[in-house]
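Structure first, then comments.
The values are calculated or read from the model by the stated rules, or taken from the named source; none is laboratory data. Remember, predicted model here, so these are calculated numbers, not experimental data. Please note: Cβ atoms are built from the backbone with ideal geometry, for glycine as well, and neighbour counts cover all protein chains shown.
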Amino acid sequence: MLPRLLFFVGTRPEIIKAAPLFHTLRKSSGVQVDLVHTGQHYDWNMSGIFIEELGLPTPLYHLGVGSGSQPYQIYKIIEKTEEVVGTYLPDAILAVGDTNSTLATAIMASKMDIPFVHVESGLRSFDPTMPEEINRKVADHVASLNFAPTERAASNLLNEGCSPERTFVTGNTVVDALLKMLPKARAESNILKKLKVDPSKFLMTVTVHRRENADNPERLESIVNALIELKEVQIIWPLHPRTKENMEKIGLLKSLYTAKHIKITDPLSYLDFLKLLDNSTVVATDSGGVQEEAATLKVPCVVLRDSTERPEIIDEGIGVMAGVDPLKIERCVSDFLYNSALVERVKSAPNPFGDGTASIKISEVLLNWLEEEKIAFTPPKFDSGAPVYTSFIVNKELSGRTVKEAEGDLVKIISIYEKNGSFVRPCPDLTLKSRQIIRVLGEKPSINDFKKLWGL
């Protein structure tokens, strides 16, 4: 009997990122996979149209959780997913990202002793007030397999003690989805005509949905004030329902509707949004997914937050951190409009989120682990009670040895740092170099034996 997987989604970004991996797994002859929708996003514009456009099947179950407080959503998703999982008893459960649906699915899988596979793991904003930060940390640490989009994300996982053997760098499936759907968006979407976009003028797309902005009147007002001043740019802002509701409460919508250079729309379909973003001069957003899409489309990105779990776009010069200070937003946007050197850097930057093959890489690893029946955790046994972390500088005895040779049966090398401080992800065949710093995990007697063996 083929292994059975249940792939849980709950929001628009999850559907987009799940689609290419779901299709790849469905094409495989080695596994059976079905889709389950929690209903965290429940209206057509935020969910149904994305399932249709991305060619996904009708979900096996639609749990209909709907809106509510975060504790309520998480509780209801756990309750309802337990019923589904208890009926189908899958060999593994998959989820993407950092939403309440992902957190609840991860907890439920862990408590039912079913391997949980986390796609897009290791992202960190280092902001403990951010709900998504808590969600992604919990999901990462209960996962049997973590698929990190970048080396930096993988380093976060290993530095927190996640297993190197169960951590894989694959790129982000959002790139797979975008590259597949972009030709269709360019050919079929008429959103530019519908919104009467003037191709001779600068175009900026804006999205705001994060709680830190959408639920904070002062921050929302700062963003709106900045946009009103950017009169040389035609601005398209697809409003998230919660953002719109909160703006109505504090009277901000009227000032947007009366600004001639700003057009407010309902949430757009995936194809329409891709067409809009693809034709934008710049994008201003607090969305992590839009940051990734901007990097893939080479569109300069102004991040309307004080931190981001996608710092790679800052490293590559694709994006800048603006927060919500009106003057800084205006300056960052203007720089991308008029500074040709900055724009050229964006256009020539490599995409830090992959090349569109993440789904293939994830599928290959997952199917291999399922075939070898090693995906589930097994309880460890420690004669000394528990292992400890220790760090060493690679000496001449260790230099030239592979990670596998150095470890033997004594310790696990969790992370490696070069002399300049840069992180290196350990793998069995990696050769150690003199003066590198290695962080190892092992029982105290084994660490003592390791020190004696290599003269540390």
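Worth a mention:
- Filter result for Ser422 (under 25 Å from the mean Cα position of the chain (by Cα) and crowded, with 16+ Cβ neighbours inside 10 Å): no
- Checking Glu407, Glu344, Glu364, Glu418 one by one, the residue that is assigned by TED's automatic domain parsing to the domain that holds Ala284 and of a type in the set (D, E, K, R) is Glu344 and no other.
- In this entry, Ile360 passes the filter for residues that are in contact (Cβ under 8 Å) with a residue 24 or more places away in the chain, among the β-branched types (Val, Ile, Thr) and within 25 Å of Val96 (Cβ to Cβ).
- Residue pairs meeting the criteria (Cβ under 7 Å; at least 6 apart or on separate chains; first free of Cβ contacts under 8 Å to residues at least 60 places away in the same chain, in the stretch 92-114; second surrounded by fewer than 24 Cβ atoms within 10 Å (Cβ to Cβ) and assigned to a strand (DSSP E or B)): Ile114/Ala92
- Every residue from the stretch 195-219 that is of a type in the set (A, V, I, L, M), farther than 16 Å from Glu248 by Cβ and not in a strand (DSSP E or B): Leu195, Val197
- Within the stretch 22-40, residues that are at pLDDT below 95 sit with their Cβ atoms under 6 Å from residues that are crowded, with 23+ Cβ neighbours inside 10 Å and small (Gly, Ala, Ser), at 6+ positions apart or across chains, in these pairs: Thr38/Gly10; Thr38/Ser101; Gln40/Gly10; Gln40/Ser101.
- All of (1) modelled with pLDDT under 95; (2) closer than 30 Å to Phe147 by Cβ; (3) of a type in the set (Val, Ile, Thr) hold for Ile250 with one exception: (2).
- Candidates Asn156, Asn146: the one that is touching a helix residue (DSSP H, G or I) at 6+ places or on another chain (Cβ under 6 Å) and free of Cβ contacts under 8 Å to residues at least 60 places away in the same chain is Asn146.
- Residue in the stretch 95-116 that is part of a helix (DSSP H, G or I) and aromatic (Phe, Trp, Tyr) present: no
- Qualifying residues in the stretch 425-455 (those that are surrounded by fewer than 16 Cβ atoms within 10 Å (Cβ to Cβ) and touching a residue at least 60 places away in the same chain (Cβ under 8 Å)) - the one nearest to Phe168 (Cα to Cα): Cys427
- Residues that are closer than 13 Å to Ser446 by Cβ, touching a Lys or Arg at 6+ places or on another chain (Cβ under 7 Å) and part of a loop (DSSP other than H, G, I, E, B), drawn from the stretch 368-395: Ser384
- Residue count for the stretch 132-161 satisfying the condition of being outside any helix (DSSP H, G or I), over 23 Å from Ile438 (Cα atoms) and of a type in the set (S, T, N, Q): 1.
- With respect to the conditions (1) out of contact with any Lys or Arg (no Cβ under 9 Å at 6 or more places or on another chain); (2) buried (at least 21 other Cβ atoms within 10 Å of the Cβ), Pro183 falls short on a single one, namely (2).
- Residue check for Lys419: more than 17 Å from Glu160 (Cα to Cα), in a helix (DSSP H, G or I), free of Cβ contacts under 8 Å to residues at least 24 places away in the same chain and basic (Lys, Arg): no
- Any hit, the stretch 227-239, residues being aromatic (Phe, Trp, Tyr), within 30 Å of Ile416 (Cα to Cα) and outside any helix (DSSP H, G or I): no
- Residue satisfying condition, being of a type in the set (Asp, Glu) and touching a strand residue (DSSP E or B) at 6+ places or on another chain (Cβ under 6 Å), within set Glu132, Glu120, Glu212: Glu120
- In the set Asp278, Asp198, Asp286, Asp272, only one residue is of a type in the set (D, E, K, R), under 25 Å from the mean Cα position of the chain (by Cα) and more than 25 Å from Lys180 (Cβ to Cβ); that residue is Asp286.
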